[in-house]
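Report on one structure; see the data block that follows.
The values are calculated or read from the model by the stated rules, or taken from the named source; none is laboratory data. Predicted model, so just to flag it, every value in this text is computed and none were measured. Cβ sites come from the backbone with ideal geometry, for glycine too, and all protein chains shown count toward neighbours.
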């Protein structure tokens, strides 16, 4: 016989708006089931805040191997000794959109590497494009917000981004890359990574050089596949992650050749652009012809070997920062880099808590058998460069640093002119088509403003974009 159910009079012990009676009106299951409370409490708190930028990502483990002797330019233990291997973990990511967004969106991509060296962890925080949109760090929040959905409707609004570009002409160089097929998603294995910033490599005697390191994909850019990539809402939003993990399962281990460009501090003021301006790239011989070529010198090779066993613990909880440096490496005076030295650890503390470096994903690894790490001799004080160099560095603190200058137009202009030679007419035309697709979604007054801005780069660029855009609008 079924047990009787007590039904309390109207206005007494009932649960919920529909007044469903408890079997025992004076008792809730929550009162006598602490395990249930724990289960629900953990569920309510199992998600951590997503990254402010680079929220969508994938990662894998591998190693870096030194393949060339570079002892004449650095005193970094990880790079000394041909054949030396260092374990690492790499995280690839999109940049501006949220964790659940499609990887195929036209967006700058990130490639962050954490090396577990005997001197501690050394983070390389790179992008797939060798420059950045801005050189004034105070513009960063506005730049990111301009690329995100409209706060009123939560719908993508290209007008916001084009308004930012038209008001900040230093963005034009990277915008040209962004809308070319370099900015079209292909896959993480084909993606190269660039530190973009100048760093300093310091020798034991205190002498030092400015350097820029980058990772060139040995798989090569897959522009054929990239050209077919779809915008937001692609059929497979996780295509790049899937491609990475499936390649590892097949034993096809992606690799990158790591190179470094070197500039003597006494030569830096003589260059026709400022290497502390991250909106410009260090010329590898492609363009501009008026800029001295700064050749890349090979350091070694990074190879990925396996994926994670627990994505949350091993990849999502990774905390990267350009401030995680090792003996022999220092940050340059680049204002964007200086801002990142604060912003990244601060963001990780917000996201993962003040003890984020103690999480298994971020702990340093004691590679020596006895648990001790190699002790490095104290370095001599850095040698002070000339007054000319000091005057050159002071430019980054001047009021004119944020203002447009001729190099802001020269670099995108030369990129536009070089595309047919470097990649072919079709590659240049795809840039026009990609811009037109975006501009066809904005009001006419904004379109005219963009055409005028593009004309500062090249008249034929502005004319071709305008013709294509207006055809799409009609």
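Taking the stretch 54-107 on its own, how many of its residues are under 30 Å from residue 435 (Cα atoms), touching a strand residue (DSSP E or B) at 6+ places or on another chain (Cβ under 9 Å) and surrounded by fewer than 18 Cβ atoms within 10 Å (Cβ to Cβ)? Final tally of qualifying residues: 1. Against the list (1) touching a residue at least 60 places away in the same chain (Cβ under 8 Å); (2) farther than 30 Å from residue 169 by Cβ; (3) touching a strand residue (DSSP E or B) at 6+ places or on another chain (Cβ under 9 Å), the condition residue 264 fails is (1). Within the stretch 144-164, residues that are under 20 Å from residue 109 (Cβ atoms) reach partners that are outside any helix (DSSP H, G or I) and modelled with pLDDT of 95 or more with beta carbons closer than 6 Å, at six or more positions or on different chains, in the pairs 158/441; 158/442. When the stretch 187-220 is filtered for residues that are in a loop (DSSP other than H, G, I, E, B) and in contact with a helix residue (DSSP H, G or I) (Cβ under 8 Å, 6 or more places away or on another chain), the ones remaining, listed by number, are 187, 197, 198, 219, 220.
Here the stretch 168-186 is the region considered, the condition is being assigned to a loop (DSSP other than H, G, I, E, B) and touching a residue at least 60 places away in the same chain (Cβ under 8 Å), and the residue that is farthest from residue 245 (Cα to Cα) is 180.
When the stretch 240-287 is limited to residues that are outside any loop (DSSP other than H, G, I, E, B) and touching a helix residue (DSSP H, G or I) at 6+ places or on another chain (Cβ under 8 Å), the one that is surrounded by the fewest Cβ atoms within 10 Å (Cβ to Cβ) turns out to be 269. Against the condition touching a strand residue (DSSP E or B) at 6+ places or on another chain (Cβ under 8 Å), within 19 Å of residue 108 (Cβ to Cβ) and at pLDDT 85 or above, how does residue 248 come out, does it pass? So residue 248 does not fit the description; no.
Within the bounds of the stretch 363-378, is there any residue that is at pLDDT 90 or above and either surrounded by fewer than 14 Cβ atoms within 10 Å (Cβ to Cβ) or in a helix (DSSP H, G or I) (or both)? Yes - at least one qualifying residue is present in the stretch 363-378.
Could you please find all residues in the stretch 114-167 being under 30 Å from residue 325 (Cα atoms) and assigned to a helix (DSSP H, G or I)? If the condition is that a residue be under 30 Å from residue 325 (Cα atoms) and assigned to a helix (DSSP H, G or I), then 137, 138, 139, 140, 141, 142, 143, 144, 145 are the ones that fit.
When you go through 41, 101 one by one, which is the residue that is part of a loop (DSSP other than H, G, I, E, B) and out of contact with any helix residue (DSSP H, G or I) (no Cβ under 8 Å at 6 or more places or on another chain)? Every option except 101 fails the conditions.
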